[in-house]
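The values are calculated or read from the model by the stated rules, or taken from the named source; none is laboratory data. These figures come from a predicted structure and were not determined experimentally. Neighbour counts run over all protein chains shown; Cβ positions are idealised from the backbone, glycine included. SASA here: full protein model, heavy atoms, side chains in, ligands and nucleic acids out. Shrake-Rupley method; radii C 1.70, N 1.55, O 1.52, S 1.80 Å.
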Amino acid sequence: MPDAKERVQLPNIIQEIVASYKDDVPVNRFFDAGLPTDCDVIALLQTLRAVLYAGYFGQHRMDKDNVQFHLADSVYLLYERLREQIYRSFRHSCDRADFPTCNHCQDRAEAAAIDFLACLPELRRRLNLDAQAAWDGDPAAKSFDEIISSYPGFHGITIYRVAHELHRLGVPLVPRMMTEYAHSVTGIDIHPGAKVGDSFFIDHGTGVVVGETTIIGSNVKLYQGVTLGALSFPKDERGRVIRGVKRHPTIEDDVVIYAGATILGGDTVIGQGSVIGGNVWVTHSVPPLTKVTLAAPKMNYQEASLEKKLRGV
Amino acid sequence: MPDAKERVQLPNIIQEIVASYKDDVPVNRFFDAGLPTDCDVIALLQTLRAVLYAGYFGQHRMDKDNVQFHLADSVYLLYERLREQIYRSFRHSCDRADFPTCNHCQDRAEAAAIDFLACLPELRRRLNLDAQAAWDGDPAAKSFDEIISSYPGFHGITIYRVAHELHRLGVPLVPRMMTEYAHSVTGIDIHPGAKVGDSFFIDHGTGVVVGETTIIGSNVKLYQGVTLGALSFPKDERGRVIRGVKRHPTIEDDVVIYAGATILGGDTVIGQGSVIGGNVWVTHSVPPLTKVTLAAPKMNYQEASLEKKLRGV
Amino acid sequence: MPDAKERVQLPNIIQEIVASYKDDVPVNRFFDAGLPTDCDVIALLQTLRAVLYAGYFGQHRMDKDNVQFHLADSVYLLYERLREQIYRSFRHSCDRADFPTCNHCQDRAEAAAIDFLACLPELRRRLNLDAQAAWDGDPAAKSFDEIISSYPGFHGITIYRVAHELHRLGVPLVPRMMTEYAHSVTGIDIHPGAKVGDSFFIDHGTGVVVGETTIIGSNVKLYQGVTLGALSFPKDERGRVIRGVKRHPTIEDDVVIYAGATILGGDTVIGQGSVIGGNVWVTHSVPPLTKVTLAAPKMNYQEASLEKKLRGV
């Protein structure tokens, strides 16, 4: 039950909050068709996971004989969820959204959803290579099932590959929402626009950042905390950042990049078979077959006696 | 159905677990009023997000005309959730919690909830500047809507600014639970006690740590993995850490700090307009307009032949 | 309602997705007993948290008198959840899973669940020491209750210690799913096989990686972004990684490792009482009582005028 003070104050506060919605600023926008929401995108990704890895994440106990029936059901559900979220994304970006009789965004959403689903067999073939790369690259892996059911690197790569297909089909918003969901649960932040070859493995993964215009070859392995980022942003004559140019590095085939390394710049190329050591900061190209490491750290014997030391650092 | 072995053993095990609750140690504490819980705090933050960005996260399709009705409803709900969690936090820390007729914590909770809600218009003005800073600072941003609906940096800053207001109003526990929720979903860990100026942008964000006594000016940009932390902790004559002194750095206006840089110490000041390069470790002040970078890494051409290299690192 | 185009195309797409399940590759596996699922493991961990810290996370308002009744109830629930998930894990790895009359996995699961529950009093004693280490190590901690209810480091260590007990009991899959859940919500990735002494504290924690064969002594403190990892993997004569050898470092008692440091290699020992500075990369042993730091970074005064600088970095 509201007390006297609150009865007096809340209506005034609400009036002020409402008034703060008057200006034409980004935080005050409203959307005709509704934006895709976190919840919708997460539900979509869960349905998708049950289609991609039916034995691992499907709702039912399945075998090679009955899987076809469950898959049919899941694919129809996936189609509906996908079409709705893609529709909202197209509608959000559409100039013709004011024309009440326009079916353009609806038609485009249906076509994009169908085109995406048609890619799934090929996507599954590539994801299987990624699972194989994790097995080859991690001696701690006890089984493929462990990789597919619990490795964050594999989960992050799955979502990135899905988002990249939608990005390629020109769908706005949803691909980035997908990779941000992956970022949230795995700590791995791969922009949907990045291009990544086969047999990709990310170990541990927390803190990995792969920027929008990065190109990664085949058989590349990244450890946690690796950044493939922009060095600086070209600006136009009015000081505004120019969007769309290549700002992120190119990583050729068979490269390994250790924990915490940072590689920056659109002209930076890491040559085939090179190894980038941990915590290294690279802003220029590295030739093929090169090992780049930090200078050795300084060791100081401490003056503190053990006893003093153990009382507090 | 329990088998014979379990029927014999489980009651004994339960007795031993119960016995482990007898000692007066931290893991054995009980609370009269209940602590705020994760679930409650998350629900509160979701209601708050629907008030701060009604067009993006509200439950209903809204426009500039009907938004006032939905906002009124959401603000009342928010008030109730906030008052309950603030009450639990005050009660938890209250010396008078044993007096059954005492309404002190209840009254303080109502006042704090009202004071917090009264800040929301100003908070929205500042959050709009943060959205603008993200747009200016990230060429990969396709729209403000993408920033507000899916950027983890913007989400983390929103929750930090909310938690900071509650911290400023003297509310215990809940602000930290809020920033730890943000930490969990974004990887960005900003202590509610830190002070942060306008137009703040954190790109990617995973691994960012901003300590309790940090002061950050306006127009500052941080990348993932940046630590603004303590160098060492002053201790009293009995070796216990002293709490409350300034232990974390001051970052002046217009500073950019790249991925993985670590800046430590309560006396450390990064001067206006300086740029701290990636993976740098700074424990002393840096003058204005200074660029601090790591020494160039060592490049070693590898002896391994390509063929050998490609068989394994 | 499906449109014409979709009616034609979806059945064909489904046939192709079904066809992609024909090959005998990892992504196509099916499991007789069902794998443990994310949801099950998370529910299990929540029940466990209510047993370990009944006053903090229990469903009911409890005190020292009634806690025994609620604990009894929670332990029975925990036993059932644990037995089911352990059963699925054993069954998944069992050679005899084809024998319909075999109760072997069921019996082993019951025994392992009972053995695990019998460890809980000792586990609670050790977790209490970890809470104490967080209090001693973090001047920002306002109360033990804050540590137990919201510190990600404490949450991550709790789940690691639980997973380690199950790993020690020979349970496959579930321990790793538990630590990957912790990884997802805290950013802290400790392999269940690692061995960790008493009074362990991880501050902030995002990006911490502790590998499978790591050994950590008592009273060790890690900051965010610390990696205790493998330097390289020994391979057999056919180029396949050899699993099971010690690949990760040994950290002796009373060591502090600052943010972003990386320590690699199975023969690397960090001696008692040493301090490893932030962002350092260590691949060789460090004697006791030694402080290891990065070389000082380079400072360059920028040529840019303030005005130019402020227009864009």
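Kindly rank C:65-73, C:152-160 from highest to lowest mean number of other beta carbons found within 10 Å of each residue.
On the way: C:65-73: 15.7, C:152-160: 24.8.
Result, highest mean Cβ count within 10 Å first: C:152-160, C:65-73.
Charges at C-beta only: +1 for Lys and Arg, -1 for Asp and Glu. How large is the resulting dipole of the stretch C:216-303 about its Cα centre, in Debye rounded to 20? Intermediate results must be reported in sequence, preceding the final value.
Details: 9 positive and 7 negative charges, 66 e Å.
Computed charge dipole of the stretch C:216-303: roughly 320 debye.
Collect residues whose amide H, placed 1.01 Å from N in the peptide plane, falls under 5 Å from the amide H of C:GLY187; neighbours closer than 5 in sequence don't count.
Amide H neighbours of C:GLY187: none.
Say we join alpha carbon atoms closer than 10 Å with springs in a Gaussian network model of chain B; which of B:PRO249, B:PRO175, B:PRO36 then has the biggest fluctuation?
With Cα springs under 10 Å in chain B, the top fluctuation among B:PRO249, B:PRO175, B:PRO36 is at B:PRO36.
As an exercise, find the ratio Rg/Rh for the protein assembly as shown from alpha-carbon atoms, using the Kirkwood inverse-distance average for Rh.
0.95
Say a label goes 7 Å from Cα toward Cβ at C:HIS284 in every copy; what distances in nm does this one have to the rest, shortest first?
2.7, 2.7
Please give the calculated 222 nm ellipticity per residue for chain C, where each DSSP H segment of at least 4 residues contributes -39500 (n - 2.57) and the sum is spread over every residue; nearest 500 deg cm²/dmol?
The per-residue figure over chain C is -14000 deg cm²/dmol.
Of the options C:SER285, C:SER232, C:THR268, report the single residue whose Cα projects farthest towards the positive end of the charge dipole of the stretch C:194-313 (beta-carbon charges: Lys, Arg +1; Asp, Glu -1).
About the Cα centre, the residue reaching furthest to the positive side is C:SER232.
Over chain B, what relative contact order in percent results from Cα pairs under 8 Å that are six or more residues apart? It would help to have the intermediate numbers written out before the result.
Numbers: 536 pairs, mean separation 29.5, N = 313.
This gives 9 percent for chain B.
Please compute the average number of Cβ atoms from other chains found within 10 Å of each residue's Cβ in peptide C:36-49.
1
Using +1 at the C-beta of Lys and Arg and -1 at the C-beta of Asp and Glu, which of A:VAL8, A:VAL51, A:ALA259 has the Cα lying farthest in the positive direction of the dipole of chain A?
A:ALA259
Kindly write out, for the stretch B:242-257 in residue order, the coupling ³J(HN,Hα) from the Karplus curve 6.51 cos²θ - 1.76 cosθ + 1.60 (θ = phi - 60°), rounded to whole Hz, with x marking Gly and Pro.
8, 9, x, 6, 6, 10, 10, x, 10, 10, 7, 4, 6, 8, 10, 10
Counting partner chain Cβ atoms within 10 Å of every residue's Cβ in B:133-142, what's the average?
Mean partner-chain Cβ count within 10 Å for B:133-142: 6.
At a 1.4 Å probe radius, carbon and sulfur cover how many percent of the accessible area of the protein assembly as shown?
The value for the protein assembly as shown is 51 percent carbon and sulfur by accessible area.
Quick one: what are the phi-derived ³J(HN,Hα) couplings along the stretch C:163-172, Karplus 6.51/-1.76/1.60 with θ = phi - 60°, whole Hz, x for glycine and proline?
Coupling constants for the stretch C:163-172: 5, 5, 4, 5, 4, 4, 7, x, 7, x Hz.
Ratio of alpha-carbon Rg to the 2.2 N^0.38 Å globular estimate for the stretch A:31-190, to two decimals, please.
Expressed relative to 2.2 N^0.38 Å, the Cα Rg reads 1.11.
Could you size up the charge dipole of chain C around its Cα centre, putting +1 on the beta carbon of Lys and Arg and -1 on that of Asp and Glu, and report it in debye to the nearest 20?
Computed about the Cα centre, the dipole is about 640 debye.
Please give the average number of partner chain Cβ atoms lying within 10 Å of the Cβ of each residue in C:284-295, rounded to a whole number.
Across the residues of C:284-295, the mean count of other-chain Cβ atoms within 10 Å is 5.
Eight or more residues apart or on different chains, and alpha-carbon atoms under 20 Å: count the Lys pairs in chain B matching that.
The result is 6.
Give me the dipole magnitude in Debye, nearest 20, for the stretch C:31-190 about the Cα centre, with unit charges on the beta carbon: positive for Lys and Arg, negative for Asp and Glu.
About 140 debye.
Which three extents, in whole angstrom, do the alpha-carbon atoms of chain B cover along their principal axes, largest first?
Between the extreme Cα coordinates on each principal axis of chain B lie 70, 65, 53 Å.
Among DSSP beta bridges lying fully in the protein assembly as shown, give the percent that are antiparallel, nearest 5.
Rounded to the nearest five, the antiparallel share is 15 percent.
In Å², and per residue, what accessible area does chain A have when probed at 1.4 Å with the other protein chains present?
Result: 40 Å² of accessible area for each residue.
Of the listed peptides A:112-122, B:216-226, what is their order by residue-averaged count of other C-beta atoms within 10 Å, with the highest listed first?
Values: A:112-122: 19.3, B:216-226: 24.6.
Sorting A:112-122, B:216-226 by mean packing, highest first, produces B:216-226, A:112-122.
Residue-wise, which Karplus ³J(HN,Hα) couplings in Hz belong to the stretch A:178-191, taking 6.51 cos²θ - 1.76 cosθ + 1.60, θ = phi - 60°, and x for glycine or proline?
Once θ is set to phi - 60°, the couplings for the stretch A:178-191 become 5, 5, 6, 5, 4, 4, 5, 8, 10, x, 9, 10, 10, 5 Hz.
Counting only DSSP beta bridges with both residues in chain A, tell me the antiparallel percent, nearest 5.
5 percent
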